[in-house]
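**Student:** My questions will all concern the structure given below.
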Amino acid sequence: MKTDKFSFRVSVETQDQTGKVIAVYFQVRKGKTKTTREYADGDAFADYDKHGQLLGIELLAPCRAAILDRIAQQAPTKRFVRDAVPSGMLVTS
């Protein structure tokens, strides 16, 4: 199995007229997606490679911090996601 080689990046999609954030993708590492898992009733999706390593997380609506923490299990990934989440896309309670 490959060793962890992180490649952190954030892509944000906004609504043209209002500037409201409508989707965020957190790239954790580069790779080819083999599996995508749905979380939070379709508000969050996680992409995994053939080794089961997390490649990225997509948020389509505000998501609970606990769900993001469950998806992003490794400490560097948790810090990256928590620090990069745009205002309004993270529910802490």
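Conditions tested, residue by residue: (1) surrounded by 11 or more Cβ atoms within 10 Å (Cβ to Cβ); (2) within 11 Å of the chain's Cα centre (by Cα); (3) at pLDDT 95 or above; (4) part of a strand (DSSP E or B).
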{"position": "K2", "(1), (2), (3), (4)": "no, no, no, no"}
{"position": "F6", "(1), (2), (3), (4)": "yes, no, no, no"}
{"position": "Y25", "(1), (2), (3), (4)": "yes, yes, yes, yes"}
{"position": "R37", "(1), (2), (3), (4)": "yes, no, yes, yes"}
{"position": "A46", "(1), (2), (3), (4)": "yes, yes, yes, yes"}
{"position": "K50", "(1), (2), (3), (4)": "yes, no, yes, no"}
{"position": "E58", "(1), (2), (3), (4)": "yes, yes, yes, yes"}
{"position": "P76", "(1), (2), (3), (4)": "yes, no, no, no"}
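**Student:** Quick check on G88: is it buried (at least 17 other Cβ atoms within 10 Å of the Cβ) and either outside any strand (DSSP E or B) or among the hydroxyl-bearing types (S, T, Y) (or both)?
**Tutor:** No, not satisfied.
**Student:** For the list (1) touching a Phe, Trp or Tyr at 6+ places or on another chain (Cβ under 9 Å); (2) modelled with pLDDT under 90; (3) not aromatic (F, W, Y), I need the number of the one condition that R82 fails.
**Tutor:** (1)
**Student:** Looking only at region 8-23, which residues are over 14 Å from the mean Cα position of the chain (by Cα) and among the polar types (S, T, N, Q)?
**Tutor:** T14, Q15, Q17, T18
**Student:** May I ask you to list pairs of residues, at least six apart or on different chains, whose Cβ atoms are under 8 Å apart, with the first in region 36-54 being under 15 Å from L90 (Cα atoms) and without any contact (Cβ under 8 Å) to a residue 24 or more places away in the chain and the second being among the hydroxyl-bearing types (S, T, Y) and crowded, with 17+ Cβ neighbours inside 10 Å?
**Tutor:** Filtered contacts from region 36-54: F45/Y39.
**Student:** Further question on the same structure: Quick one: is L68 assigned to a helix (DSSP H, G or I) and touching a Lys or Arg at 6+ places or on another chain (Cβ under 8 Å)?
**Tutor:** Considered against the rule, which asks whether it is assigned to a helix (DSSP H, G or I) and touching a Lys or Arg at 6+ places or on another chain (Cβ under 8 Å), L68 comes out as yes.
The values are calculated or read from the model by the stated rules, or taken from the named source; none is laboratory data. Since this is a predicted model, take the numbers as computed values, not measurements. For neighbour counting, all protein chains shown are included, and Cβ atoms are generated from backbone atoms with ideal geometry for every residue, glycine included.
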